[in-house]
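I have placed the structure first, in the form of structure tokens, so that the comments after it can refer back to it.
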Amino acid sequence: MEHSMDSYSGEVAWRFGATNPALEVARAHSIRWLLYRIYDCLNKNDSRPMAPLGFGDPSAFECFRTAAATEDAIVAAACSGKHNSYPPVAGSTDAFSAVASYLSRDLPYDISPSDIVFTAGCNHAIETMMAVLATPGANVLLPRPGYPMYEVYAAFHGLEFRHFDLLPEKEWEVDLKGVEAFADDNTVAMVIISPNNPSGSVYSYEHLAKIAETARKLGIMVISDEVQFVFGSKPFIPMGVFGETVPVVTLGGISKRWMVPGYRFGWIAVTDPKGVLRKNNVFESIVTYRGITADPAAPIQGAIPQIIAITDKSFFAKAIGLMRGAAELCYRKLQDIDCITCSHKPEGAMSVMVKLDIAYLDGIDDDIDFCCKLATEESVVICPGSGLRMKNWLRITFAVDLLLLDDALERLKSFCLRHAKQNTKA
């Protein structure tokens, strides 16, 4: 049956267009919208290179390019013709074995391939866990400051979240008394991030042991976000070391250590040798949710065994050395800016949290106003702490080319001097 355009010329009461309220709630917790606002403040007539100190993606810079062996493994998997179809429902057997072996190196027990679920990046792992735990009345405890995607996915799935503080005066350790105060009979899990995004801290064995004992006392699991890497004096200790004390769900991936966030390959590993999570149907729920969401791309799964096996140690040594140098440069430069306090040199991850003294500045209302004007005047993008529930703090990402980082921090210093109140400029 043919229709002329005239037949559609009348007013139609379209039945679609309403916004899902859950999306609006989730968006309110997303830091991306705040960063987009900062980017919109950039002066397009500024000829200087924009310094992106707001996002943690070192792969955008040639000095942080991933190992040739990693790229070769992807090419080989794609050209083999073996990974053009959908991947197996459960995932690639060889990839599971490779990841299980990789994770078991730092644990006092071996992880089985059957203890792992693959995800399309670590954000997908976070989404999966927040969805699985969103049973009626349940709540989870999240760190402040932390990674906002936990709040986003918890809000979207209707899971209540409460914040415990990280203590800057104690190198951003968990306030364990606060954890106990916020937990109740409906609390099911607490999240820790070590190496920590956004503070750059790395938790010691002793502190992780106290976290495990606290979680056991409360009867809750620990979700341990371990996607970042270390470069300072403290060694990386996986939370799974304490799996005999408390059930641990470990979230990880290759995005940061291999410098390939665009590959979108992550995992959820049940580091729970006593099988508590299986007995309580948590792992079954993880597998169920994973079965109704996206798979990591088949060529990525096909390449994972080679990526893990043959990436040369020299690549990691170089990447760690570069990140250590960037962290030290950032820390040193920030000491010369009077309105910014950086009390802790980062030892892991790719960012640092610093305190902004608004009282020192003229014509700056808060951290968001500071970042907007900094973007306009200096083409430097920094993440306002308000996006992490830390008003008048800043998250500075140092995972950029060293020359650009040095220049960006000089621009930041110039901005602060230009906006300093007259009685503080001396």
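What the table shows:
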{"item": "Check on I308, part of a helix (DSSP H, G or I) and in contact with a Phe, Trp or Tyr (Cβ under 6 Å, 6 or more places away or on another chain)", "result": "yes"}
{"item": "Candidate set from the range 214-260 (those that are among the charged types (D, E, K, R) and within 16 Å of the chain's Cα centre (by Cα)); member that is most open to solvent (accessible area, probe 1.4 Å)", "result": "R257"}
{"item": "Of all residues in the range 145-172 being of a type in the set (F, W, Y) and outside any strand (DSSP E or B), the one that is farthest from N123 (Cα to Cα)", "result": "W172"}
{"item": "Residue match in the range 79-92 (condition: touching a strand residue (DSSP E or B) at 6+ places or on another chain (Cβ under 8 Å) and of a type outside the set (S, T, Y))", "result": "yes"}
{"item": "The range 261-277: number of residues that are surrounded by 15 or more Cβ atoms within 10 Å (Cβ to Cβ), on the phi < 0 side of the Ramachandran plot and not β-branched (V, I, T)", "result": "9"}
{"item": "Any chance R278 is under 23 Å from D106 (Cα atoms), without any contact (Cβ under 8 Å) to a residue 12 or more places away in the chain and not in a loop (DSSP other than H, G, I, E, B)", "result": "yes"}
{"item": "Top-ranked residue in the range 196-238 [being in contact with a helix residue (DSSP H, G or I) (Cβ under 8 Å, 6 or more places away or on another chain) and charged (D, E, K, R); ranked as farthest from L277 (Cα to Cα)]", "result": "K210"}
{"item": "Where C372 falls short, out of the listed (1) among the hydrophobic types (A, V, I, L, M, F, W, C); (2) part of a strand (DSSP E or B); (3) open to solvent by 10 Å² or more (accessible area, probe 1.4 Å)", "result": "(2)"}
{"item": "Residue list for the range 315-366, filter: of a type in the set (D, E) and buried (at least 20 other Cβ atoms within 10 Å of the Cβ)", "result": "E347"}
{"item": "Residues (within 14 Å of the chain's Cα centre (by Cα) and open to solvent by less than 30 Å² (accessible area, probe 1.4 Å)) located in the range 129-172", "result": "L142, P143, P145, G146, P148, M149, Y150, E151, V152"}
{"item": "Qualifying residues in the range 18-63 (those that are among the polar types (S, T, N, Q) and in contact (Cβ under 8 Å) with a residue 60 or more places away in the chain) - the one nearest to E151 (Cα to Cα)", "result": "S30"}
{"item": "Within the range 63-144, helices (runs of 4 or more DSSP H) holding 1 or more residues that are of a type in the set (S, T, N, Q) and out of contact with any helix residue (DSSP H, G or I) (no Cβ under 6 Å at 6 or more places or on another chain)", "result": "93-104"}
{"item": "Any hit, the range 48-59, residues being out of contact with any strand residue (DSSP E or B) (no Cβ under 6 Å at 6 or more places or on another chain), under 21 Å from T311 (Cα atoms) and open to solvent by 30 Å² or more (accessible area, probe 1.4 Å)", "result": "yes"}
{"item": "Counted residues, the range 173-211 - those being surrounded by fewer than 19 Cβ atoms within 10 Å (Cβ to Cβ), small (G, A, S) and either touching a residue at least 40 places away in the same chain (Cβ under 8 Å) or in a helix (DSSP H, G or I) (or both)", "result": "3"}
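The values are calculated or read from the model by the stated rules, or taken from the named source; none is laboratory data. Just so we're clear, the structure is a prediction, and the values are computed from it rather than from any experiment. Cβ atoms come from the backbone with ideal geometry, glycine included; neighbour counts cover every protein chain shown. Side chains included, ligands, DNA and RNA excluded: accessible areas come from the protein's heavy atoms. Shrake-Rupley method; radii C 1.70, N 1.55, O 1.52, S 1.80 Å.
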